[in-house]
Amino acid sequence: VDVFQAWCGPCKPVVNLFQKIRDEVGSNLLHFAVAEVDSIDALEKYRGQCEPVFLFYKGGELVAVVRGADAPLLQKTILEQL
């Protein structure tokens, strides 16, 4: 989940990275979503930050968090979680 604030928007370059990885591993294994923190109370702790935050869920549980648009780290985290 790409967690963003309305004033800075979702991290568009990372969307391309996720799509590339999803194409490589199969769309049934990887799902990507965006969530605006100002409209979701459960994400309140991520408000007021100027860096993108990526939350990784598996079976409904939070399993990893990546702060910043670090493409190599995101790719590594995705592949590790798959």
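The values are calculated or read from the model by the stated rules, or taken from the named source; none is laboratory data. Treat the numbers as computed from the prediction; the structure is a model and nothing was measured. So basically every Cβ, Gly included, is an ideal-geometry build from the backbone, and we count neighbours across all protein chains shown. All accessible areas refer to the heavy atoms of the entire protein, side chains included, with ligands and DNA or RNA removed. Shrake-Rupley method; radii C 1.70, N 1.55, O 1.52, S 1.80 Å.
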- Search result, residues across region 23-61 that are over 13 Å from Asp2 (Cα atoms), open to solvent by 70 Å² or more (accessible area, probe 1.4 Å) and of a type in the set (A, V, I, L, M): Leu29, Ala42
- Message: I'd like to verify a number: residues in region 34-65 that are under 16 Å from Leu82 (Cβ atoms) and out of contact with any strand residue (DSSP E or B) (no Cβ under 7 Å at 6 or more places or on another chain), how many?
- Response: 3
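Quick one: which residue in Leu82, Leu74 is touching a Leu at 6+ places or on another chain (Cβ under 7 Å), more than 18 Å from Cys8 (Cα to Cα) and open to solvent by 70 Å² or more (accessible area, probe 1.4 Å)? Step through it out loud before you land on a result.
Values: Leu74 fails: open to solvent by 70 Å² or more (accessible area, probe 1.4 Å).
Exactly one residue qualifies, and that residue is Leu82.
Yes or no: Phe56 within 10 Å of the chain's Cα centre (by Cα), among the aromatic types (Phe, Trp, Tyr) and part of a helix (DSSP H, G or I)? So that I can check it myself, show each step before the final result.
Details: within 10 Å of the chain's Cα centre (by Cα): yes; among the aromatic types (Phe, Trp, Tyr): yes; part of a helix (DSSP H, G or I): no.
No.
I need the full set of residues from region 11-47 which are in a loop (DSSP other than H, G, I, E, B), closer than 22 Å to Gly59 by Cβ and under 12 Å from the mean Cα position of the chain (by Cα), in order please.
Those that are in a loop (DSSP other than H, G, I, E, B), closer than 22 Å to Gly59 by Cβ and under 12 Å from the mean Cα position of the chain (by Cα): Leu30, His31, Phe32, Ala33.
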- Task: Spot the failing condition for Cys8; the list is (1) open to solvent by 50 Å² or more (accessible area, probe 1.4 Å); (2) outside any helix (DSSP H, G or I); (3) touching a strand residue (DSSP E or B) at 6+ places or on another chain (Cβ under 9 Å), and only one is missed.
- Result: (3)
